[in-house]
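Q: The structure follows.
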Amino acid sequence: MDQLTRAVSVGRLRQLQSVGILCGFGAGAWLGAAEAPTKLVTLGIPPVIVSLLMVAGVFLARWSVPALIRGTGQVGWDLRQAPHLVIWAVLAGCLWPVANTLTIFAIRDVGLSIAFPLWNINSLIGIFWGITLFNELHHAGARRWFAVLGGAALMFVGACLLAYASATQITPAHAVRGVAAALMAGVLWGTMYVPYRKAYLTGMNPLSFVAFFTIGELLTMALLAVAYSGGWEALVWQLGQSRTVLFWLLLGGFVWVIGDVFQQYAAKYVGISRGIPLSNTNQLWGLAWGIFVFGELHGRGAGLHLLVIGGSITMAAGAGAIALSSVSGQEHVRWQEAAHREGRRYSVSMDYVQSGLSGEAFVLQSKTMQPRRKLDWLIVCAATAVFVWMAAICRVPDVRANWTSALLLSALSLVFLMACGMVLWRATRFS
C-alpha cells in the first residue's frame, strides 16, 4: 500500500467521524437560524435585495472569519499547494447565490417551515455525487448501504408530505411556483457539494476554500440583482428604500457562514453523502423558527400541523439514518484512492493530501506558520466596522415575532458554536 492509501488508525478515524457528526449538527443549528431574516420578504422587500445583502454579509464573513482564526498567510499557503481549487471554489460560489435567491422566492410563496425541507433534497443529490465521483459507500457493507438508501427514501416521503401540505393551503399558482423554486434550489446546492469534496479530498482547509468561494458568490449575485432590478440605478434606489433593515440581512449572511463552515468540516470528515444530510437537520431549526418565532402555522387546522411536523420529522429521521452510518476502514481507504486520483490529476503533494485527510495539516503548516499580520487585523476591523455602521442605522423590523423564543433558539445556537469550536481545535487545530 502506497503512502496515500495507508490506513488511518482506527482511533483517529473514529475521532474525525465524531468531529464531523458534531459539526453537522452545529451546521444545522446555524444554517437554520440564518434563514430567519429572509422573513423580511413579507415586508415587501424584493427577494433579490434580501439575497444580495445576505451575500454581502457572507462576503464579509468568509474573509474575516478565516483571517481571525487562521490568518491570510495560511490561506495563501493552501493556495500555493493546490491552486486549481480556486477555480472550483469560484464555480461553487456561482451556484450558491442562484440557489439562495430561489429559496427567498420559495419562502415568500410557501413559507419558511414548508420551503425549508423541500430544498433539502440537496441531500439526495449529494449522496448521488458522493457515490458516483468520490467512492463514498464503496466497500461500506450492506448495513450502511441500507441506512443510506433507507434514509433517502424517508427524506423523499417527508418532502412529498410537505409538498402536499403547501399545495392544499396556498393558491395553486403560488404553491407550484414556491415548491418549484425550493426544489431547484436543492438541486443546485446538491451539485455545489462536488467542488467541496474535491477540495477536501485534495487536502485544502475548509477556511481557505470558503474565502475563494465568495468571489463567485458576490459576482453572480451582483449580476442577478442588477438584471432583476432593471439596472444599477434601480438597484441603488431599492437598497436606499430598505436601508433600515439591511443590517438584519447582513447578519443573516454572517450567521449562514458560521453554519457553512461547520458544514464544510462535516463534509470533509464524514463525506458529503453523510455530512450534508446531517447538516440538513436545519429543517428542524427552520421549523422551530417558523412556528415558534414567526407563528407561521398559527390558526391553521390540526391536519396541516400534522403534515408539516410529520414530514419534517420523517425527513430528519432519514437524514439521521444516513449520517450516523459510520465510515468503515475499508470505505475510508476507497476515499483515499479517490484522493490519490485527484492528487495525481493536479500534481498536488501527496504529503499535503494525506495530512488533510487525517486532519493533521497543521503539522505541515507549522513549518511555515506565520503570525497574524496587519492585513488580517485590517480585514477583521473593516468587516466589524461595516456591521457596526449598518447596526447604527437599522431598526427592529415590523414583523410579528416571539422574541423570547428567538432568544432561546439563539442561545442554543451559541452552545453549538462553542462545542464545535472547541472540538475542532482540540482534534484538528481547524485543519
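The values are calculated or read from the model by the stated rules, or taken from the named source; none is laboratory data. Note that this is a predicted model, so its numbers are computed, not measured. Positions of Cβ are generated from backbone atoms using ideal geometry, with glycine treated the same way; all protein chains shown enter the neighbour counts. Calculation scope for accessible area: heavy atoms of the full protein, side chains included, ligands and nucleic acids excluded. Shrake-Rupley method; radii C 1.70, N 1.55, O 1.52, S 1.80 Å.
Q: Using just the helices of the chain, give the 222 nm mean residue ellipticity in deg cm²/dmol: DSSP H runs with n ≥ 4 each add -39,500 (n - 2.57), and the total is spread over all residues, rounded to 500.
A: Helices in the chain give a 222 nm mean residue ellipticity of -26500 deg cm²/dmol.
Q: What ranking do 10-22, 316-328 get when scored by the average of other Cβ atoms within 10 Å per residue, highest first?
A: Final packing ranking: 316-328, 10-22.
Q: Calculated FRET efficiency, residue 392 and residue 302, Cβ-Cβ r, R0 51 Å, to nearest 0.05? Before the final figure, lay out each step's value.
A: Numbers: r = 45 Å, r/R0 = 0.88.
Computed FRET efficiency for residue 392 and residue 302 comes out at 0.70.
Q: Using the membrane-span-like helix rule (whole DSSP H runs, Cα extent along the own axis of at least 18 Å, mean Kyte-Doolittle hydropathy at least 0.5), which helices of the chain qualify? Walk me through the numbers on the way to the answer.
A: Working: long enough: 10-34 (36 Å, 0.82); 47-69 (32 Å, 1.94); 85-110 (37 Å, 1.59); 142-169 (41 Å, 1.09); 172-202 (46 Å, 0.58); 206-229 (33 Å, 1.65); 246-270 (36 Å, 1.14); 302-323 (31 Å, 1.60); 329-346 (26 Å, -2.06); 374-393 (29 Å, 1.77); 403-428 (37 Å, 1.57).
Long hydrophobic helices here: 10-34, 47-69, 85-110, 142-169, 172-202, 206-229, 246-270, 302-323, 374-393, 403-428.
Q: Less than 13 Å from a label point 7 Å out along the Cα-to-Cβ axis of residue 382: which backbone N atoms in the range 243-265 qualify, by residue?
A: Under cut-off, by backbone N: nothing.
Q: Would you mind putting 97-107, 139-149, 232-242, 272-282 in packing order, based on average other-beta-carbon counts within 10 Å, highest first? Present the calculation step by step, with values, prior to reporting the outcome.
A: On the way: 97-107: 24.9, 139-149: 15.5, 232-242: 13.7, 272-282: 30.4.
Highest to lowest by the protection proxy: 272-282, 97-107, 139-149, 232-242.
Q: Further question on the same structure: With a sphere of radius 13 Å drawn around the Cβ of residue 127, what net charge do the other residues whose Cβ falls strictly inside it have (Lys, Arg +1; Asp, Glu -1)?
A: Local charge sum for residue 127: +2.
Q: Still on this structure: So what is the relative contact order of the range 2-428, in percent, for Cα pairs below 8 Å that sit 6 or more residues apart?
A: Relative contact order here is 37 percent.
Q: Can you tell me the accessible area per residue over the chain, all protein chains present, probe 1.4 angstrom, in square angstrom?
A: Per-residue accessible area for the chain comes out at 39 Å².
Q: I'd like the FRET efficiency for residue 234 and residue 419, computed as 1/(1 + (r/R0)^6) with the beta carbon distance as r and R0 of 35 Å, rounded to 0.05.
A: Here the calculated transfer efficiency is 0.20.
Q: Using 7 Å Cα-to-Cβ label points, what is the residue 346/residue 68 separation (nm, one decimal)?
A: Spacing of the two 7 Å Cα→Cβ label points: 2.8 nm.
Q: Further, regarding this structure: Among 335, 391, 320, flag the residue with its Cα farthest along the positive direction of the charge dipole of the chain, charges on Cβ as +1 for Lys/Arg and -1 for Asp/Glu.
A: 335
Q: Provide the FRET efficiency to the nearest 0.05 for the residue 330-residue 403 pair, computing r from the beta carbons and using R0 = 45 Å.
A: Numbers: r = 51 Å, r/R0 = 1.13.
For R0 = 45 Å, the calculated efficiency reads 0.35.
Q: Rounded to the nearest 20 Debye, what is the dipole magnitude of the range 2-428 about its Cα centre when Lys and Arg each give +1 and Asp and Glu each give -1 at the C-beta?
A: 600
Q: For the chain, with the dipole built from +1 on Lys and Arg beta-carbon atoms and -1 on Asp and Glu ones, taken about the Cα centre, which of 200, 236, 127 lies farthest toward the positive end?
A: 200
Q: Taking just the alpha carbons, could you work out the radius of gyration and Dmax for the chain, both in angstroms?
A: 21.0, 64
Q: Calculate the radius of gyration of the Cα atoms of the range 269-322 to one decimal place, then report Dmax, the largest Cα-Cα distance, as a whole number, both in Å.
A: For the range 269-322, the Cα radius of gyration and maximum Cα-Cα distance read 13.1, 43 Å.
Q: Hey, another quick one. What is the gain in length, in nm to one decimal, between residue 138 and residue 410 on full extension, counting 0.36 nm per residue of separation less the C-alpha to C-alpha distance?
A: That works out to 94.0 nm of additional length.
Q: On to the next question. For the chain, modelled as a GNM with alpha-carbon contacts under 10 angstrom, which of 24, 231, 151 fluctuates the most?
A: So, out of 24, 231, 151, the one fluctuating most is 231.
Q: For a quick protection proxy, order the peptides 342-354, 380-392, 80-92 by their average other-Cβ count within 10 Å, most packed first. Each step should come with its number before you reach the end.
A: Numbers: 342-354: 17.1, 380-392: 14.0, 80-92: 18.8.
Going from most to least packed, we get 80-92, 342-354, 380-392.
Q: Under a 10 Å cutoff between Cα atoms, tell me which one of 205, 120, 402 has the largest fluctuation in the Gaussian network model of the chain.
A: 402
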